Amino acid sequence: MKHKDIIDQMTLEEKASLMSGKDFWQTMDIGRLGIKSIFLADGPHGIRKQAAAADHLGLNPSIPATSFPTAATVANSWNMKLGRKMGEYLGEEAIVQKVNVLLGPGINMKRNPLAGRNFEYFSEDPYLAGKMASSMIKGIQSQGISACVKHFAVNSQEERRMSIDTIVDERTLREIYLTAFEIVVKESQTKTLMSSYNLLNGTYTNENTHLMRDILRDEWNYDGVVVTDWGGSNDRVAGLKAGNELEMPTTAGETNKDIIQAVKSGKIKEQVLDENVDRLLELNFITEEAFEHPKKQFDMEGHHQLAQKVAEESIVLLKNEDNLLPLKKDKKVAVIGEFAREARYQGAGSSIVNPTKLENTLELLAESGINNIGFEQGFNRYGKKSQRKIDKACALAKDADVVLLYIGLDEVTEAEGLDRENIKLPENQIDLLNALYEINPNIVAILSSGAVVEMPWIDKVKGLVHGYLSGQAGAKAILRVLTGDINPSGKLAESYPLHYEDTPAHHYFPGKEVSVEHREGIFIGYRYYDTANVNVLFPFGYGLSYTTFAYSNIEVDQEGVTFNITNTGSRAGAEIAQLYVGTQSDLIFRPKKELKGFNKVYLQPGETKTITIPFDDKTFRYFNVKTNQWEIEEADYEIMIGASSADIQLNSTLFVEGSGAPLPYEKNKLPSYYSGKINNVSLEEFETLLERKVPDSRWDRSKPLGYNDTIAQCQYAKGGFARFAFKLIKFSHWFLRKIGKRSTANLIMMSVYHMPFRGMARMTGGMMNMPMLDGILMIVNGHFFKGAKHVLSERRQMLKAAKGNN
Ligand code: BGC
């Protein structure tokens, strides 16, 4: 232990006190030993430090900070150097604001396009997500503070996120859901990691010793701190045993008592507690060093410029018929669409950043050089239809050579705590597009959304520029792409399906009651579309440029692959070359190809560069469930260099010696997985893959409700009062939506409807404790008077104890 001398001086109570927050954002301090509180703040794409009222829902404002593009956007840059730079700037702002731990980045896999927090995550591919997040973390931590990679692990849906049990087989877990975390832990030495809310194969991730001990600590040698997601601690002692140093936010000491009790009764050894304290102290002391000579301010303009640069490199040009873009100077341009008036530039929930300034498209038009003939809103931001707005937009479009149409998703549709209902654009925007198309077909759409949308309307636009959620400087970045000041170089970090029904997990997403089954296994994103030959609208890795590139001269050896790229067009530009690997053996099922490396290269017109992408420990490996470790299958491998996952420019084969492991599967028992057609996997086949029975995914309505059941389950509670409360919540939700208060309606779903009862004690900063919650549960389970009496008497005792302590 690094801090044994200090730990030896601590009482048991002091040690336990460090294991949970002092308040919503800070850890406990122990003045007599010189241990200060440290401050944790959201992230991930800017600092969200709340000076006054605290919340994790994005309700109360925070101190202004640069709002960089969100992870879903940055991922499209495929530029690790830029990711690192952004990390450095985030770290610097964290220091100025005295934040020790920045709660980000989030690197969960985009299993399904409906997942509400996709805008905050990087990719459907673990390699790309891991590499981009690693570079960002290196940048953040280079400033002396800590990043906090989240949410570990398999937190791929928002619905019932605090109580859903994620059922996933070990190979899928390792290859898809953990690889990005593995890369981050090993390559960027993140000092903090946040456990997710959900259960993984029957155990809360925070208590899951397979995940937290066997994999994170023993295999990956992680020696940093694990913090719970806010309110995500279930059994504090089980969490501690699994190596969870810090529970957040405060429980006013209630769970510290559980720890003290467990040590005294011998349930856990004091040594376990000491080790946790040691790691927390290490985080505390090393991040505190960053404040020894603290910077008082940062270069706000410089950071804004970087936010713009990141946005510029992340914008993806998806369509450019008739070379409408870049806009010709003499063309008369009509700007239409609500999102030009007020940009959609970040997501909603705990990641909301209060920007230092916000670029506005309309204000920037004059200086952009665009020959703008006017602006019309065209549609209401939150979906309300208006023929008048459409008519006015059409009248303007009539006089234009080109229409710039700013469309996208609003901030209520894409939010933490809720999954999206569909992947469509709102109808009022499509109505507008249809009407405009009749008047003027020269339409360039500028799309703002943090996640995939379906585009049955794609033929009605000649140009499509996807800005994703491009941060506070995004509006300017987009204009610079439209005018050609910037040659677009982003490529998609996720696939765009033609229809939602084409997506691999759509039959299995979201889990609605007890569990969510990952029956599609390793086949998410392009791994599925490619292997099962399902057409997509835009494949993973796709993006256009104003110039063209040619690939040539592939050479492959055991170390890596070398090839040339030439800029064959007339403008300088950047190309993202992608290395995919597939095996020619069919003994073990695999995706047709998987991303194993990439390189973004800048080329002047006519210039050729030789690129080498080295192989690494992940290039040929697969996780073998028989040997329970990574193995290499002896086979011929196809080495592919692509401009996207669907556009392979060069290929070669390479024989690779194997590690000699026994075959893990019986092929005839897993037909869906061997064919890649995993759209309708039977329970029996999934159980074969899992090598165990799948638990019942439905609620057992006969059982009384307990701590980990959710408020939503009051619908079948024994207590009439609880059933009434449920109806009231449902009604309020419906009513709020009806009167257009969708954001407040969302909040009800997120912070009430899907909240487990335990949350009442864990998230109220000590206003309610677990014994009081027992009383509430009595009421819910049909013992109204007994329960009410219990609540009141426990509350009296709690207040008395609090008075005594003062
Ligand atoms: C989110 C985390 C966030 C935390 C603190 C939780 O609800 O899941 O991502 O860091 O709140 O705001």
>> Can you tell me the orientation of helix 720-738 relative to the chain, as the angle in degrees between its alpha-carbon axis and the longest Cα principal axis, to the nearest 10?
In response: 20
>> Can you give me the distance in nm between label points at Lys331 and Val694, each placed 7 Å from the Cα along the Cα-to-Cβ direction?
In response: 5.0
> Using Cα atoms only, what is the angle between the long axis of helix 254-264 and the major principal axis of the chain, expressed in degrees (0 to 90) to the nearest 10?
Replying inline: 60
> If you add up the charges near Phe122, with Lys and Arg at +1 and Asp and Glu at -1, over every other residue whose beta carbon is less than 10 angstrom from its beta carbon, what do you get?
Replying inline: -2
>> Can you tell me which aspartates and glutamates have their Cα less than 14 Å from the Cα of Lys267? Leave out same-chain residues fewer than eight positions away.
In response: Asp235, Asp258
> Exactly which trypsin sites (Lys or Arg not before Pro) in segment 213-283 are in a DSSP loop and have at most 16 other Cβ atoms within 10 Å?
Replying inline: Lys267, Lys269
> Long-range amide H contacts for Glu245: which residues qualify at under 5 Å (H placed 1.01 Å from N, peptide plane, sequence gap of 5 or more or a different chain)?
Replying inline: Val226
> Where does each of Tyr622, Tyr382, Tyr500 land when they are ordered by accessible area, with a 1.4 Å probe and the largest first?
Replying inline: Tyr382, Tyr500, Tyr622
> Which residues in segment 628-660 place their backbone N less than 12 Å from a point set 7 Å from the Cα of Gln584 along the Cα-to-Cβ direction?
Replying inline: 635-639, 652-656
> Around Asn769, what is the net charge, scoring Lys/Arg as +1 and Asp/Glu as -1 over all other residues with Cβ under 14 Å from its Cβ?
Replying inline: +3
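Two-decimal Rg/Rh of the chain from alpha-carbon positions, Kirkwood Rh?
Details: Rg = 26.8 Å, Rh = 27.6 Å.
Answer for the chain: 0.97.
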> Among bridges DSSP assigns within the chain, what percent are antiparallel (round to 5)?
Replying inline: 60
> Among the GluC sites (Glu not before Pro) within segment 539-591, which fall in a DSSP loop and have no more than 10 other Cβ atoms within 10 Å of their own Cβ?
Replying inline: Glu559
> Measuring from centroid to centroid over Cα atoms, what is the spacing of segment 142-159 and segment 701-738 in Å?
Replying inline: 31
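Rounded to the nearest 0.05, what FRET efficiency is calculated for Gln261 and Glu684 with R0 set to 41 Å and r the Cβ-Cβ distance?
Values: r = 45 Å, r/R0 = 1.09.
FRET efficiency, Gln261 to Glu684: 0.35.
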>> Tell me the relative contact order for segment 711-805 as a rounded percent, counting alpha carbon contacts under 8 Å between residues six or more apart.
In response: 28
> Given a 1.4 Å probe, how much area per residue of the chain is accessible, in Å²?
Replying inline: 37
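Determine the share of segment 307-494's accessible area contributed by carbon and sulfur atoms, expressed in whole percent, with a 1.4 angstrom probe.
On the way: 2830 of 6190 Å².
Within segment 307-494, the accessible surface is 46 percent carbon and sulfur.
Stretched out fully, how many nm does the piece from Lys718 to Arg213 gain, at 0.36 nm a residue minus the Cα gap?
On the way: separation 505, 0.36 × 505 = 181.80 nm, distance 3.95 nm.
Net length gain for the segment: 177.8 nm.
About its Cα centre, how strong a charge dipole does the chain have in debye, to the nearest 20, once Lys and Arg get +1 and Asp and Glu get -1 at the Cβ? Present the calculation step by step, with values, prior to reporting the outcome.
On the way: 95 positive and 102 negative charges, 605 e Å.
That gives the chain a dipole magnitude of about 2900 debye.
About its Cα centre, how strong a charge dipole does segment 533-689 have in debye, to the nearest 20, once Lys and Arg get +1 and Asp and Glu get -1 at the Cβ? Provide the component values of the computation, followed by the final result.
Numbers: 13 positive and 20 negative charges, 109 e Å.
The calculated dipole for segment 533-689 is roughly 520 debye.
What FRET efficiency comes out for the pair Asp23/His499, r = Cβ-Cβ distance, R0 = 41 Å, nearest 0.05? Don't jump to the answer; show the numbers that get you there.
Numbers: r = 47 Å, r/R0 = 1.15.
Using R0 = 41 Å, I get an efficiency of 0.30.
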> In straight Cα distance, which aspartates and glutamates are under 17 Å from Lys718, not counting same-chain residues fewer than 8 positions off?
Replying inline: Asp700, Asp709, Asp774
>> Compute the helix-to-body angle for 300-314: its Cα long axis versus the longest principal axis of the chain, expressed 0 to 90° and rounded to tens.
In response: 60
>> What FRET efficiency comes out for Ala53 versus Arg701 if R0 is 51 angstrom and r is the Cβ-Cβ distance? Round to the nearest 0.05.
In response: 0.85
> Residue by residue, what Karplus-based ³J(HN,Hα) values in Hz, rounded to whole numbers, does segment 491-500 have, using 6.51, -1.76 and 1.60 with θ = phi - 60° and x for Gly and Pro?
Replying inline: 9, 4, 9, 8, 7, 10, x, 6, 9, 4
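May I ask for the net charge around Ala153, where only other residues with Cβ less than 11 Å from the Cβ of Ala153 are counted and Lys, Arg are +1 while Asp, Glu are -1?
Working: positive: Lys150, Arg174; negative: Glu182.
Result for the local shell: +1.
Over all directions, how big on average is the projection of the convex hull of the alpha-carbon atoms in segment 177-329, in square nanometres?
Details: hull surface 60.6 nm².
Over all viewing directions, segment 177-329 projects a mean Cα-hull area of 15.2 nm².
If you wrap a convex hull around the alpha carbons of segment 467-560, what volume per residue comes out, as a whole number of Å³? Write down the numbers at each step before the final one.
Working: hull volume 20.2 nm³, N = 94.
That works out to 214 Å³ per residue.
Just to be sure I understand: if I project the alpha-carbon convex hull of segment 533-689 onto a plane and average over all orientations, what area do I get in nm²?
With the hull built on Cα positions only, its mean projection is 10.2 nm².
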>> Just to confirm my numbers, what's the Cα centroid distance between segment 567-611 and segment 53-81 in Å?
In response: 29
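Counting other Cβ atoms within 10 Å, which trypsin sites (Lys or Arg not before Pro) in segment 347-435 have at most 12 and lie in a DSSP loop?
Working: sites: Lys357, Arg381, Lys384, Lys385, Arg388, Lys389, Lys392, Lys398, Arg420, Lys424; in loops: Lys357, Arg381, Lys384, Lys385, Arg420, Lys424.
When the trypsin sites (Lys or Arg not before Pro) of segment 347-435 are filtered for loop state and at most 12 Cβ neighbours within 10 Å, Lys384 remain.
Pairs to check: Lys150/Lys626; Lys357/Lys609; Lys593/Lys669; Lys150/Lys462. Give those whose C-alpha atoms are more than 31 Å from each other in this structure.
Values: Lys150/Lys626 29 Å; Lys357/Lys609 39 Å; Lys593/Lys669 23 Å; Lys150/Lys462 39 Å.
From the list (Lys150/Lys626; Lys357/Lys609; Lys593/Lys669; Lys150/Lys462), the Cα-Cα distance tops 31 Å for Lys357/Lys609; Lys150/Lys462.
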> How much accessible area does Ser570 have with a 1.4 Å probe, in Å² rounded to the nearest 10?
Replying inline: 100
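Figure the gain on full extension for Asp399 and Gln558 (residue separation times 0.36 nm, minus the Cα-Cα span) and round it to one decimal in nm.
Values: separation 159, 0.36 × 159 = 57.24 nm, distance 6.06 nm.
This chain segment gains 51.2 nm when fully extended.
The values are calculated or read from the model by the stated rules, or taken from the named source; none is laboratory data. Computed from a predicted model, the values in this text were never measured in an experiment. Counting neighbours? That spans all protein chains shown, and the Cβs are built from the backbone with ideal geometry, glycine included. Heavy atoms of the whole protein, side chains included, go into the accessibility calculation; ligands, DNA and RNA do not. Shrake-Rupley method; radii C 1.70, N 1.55, O 1.52, S 1.80 Å.
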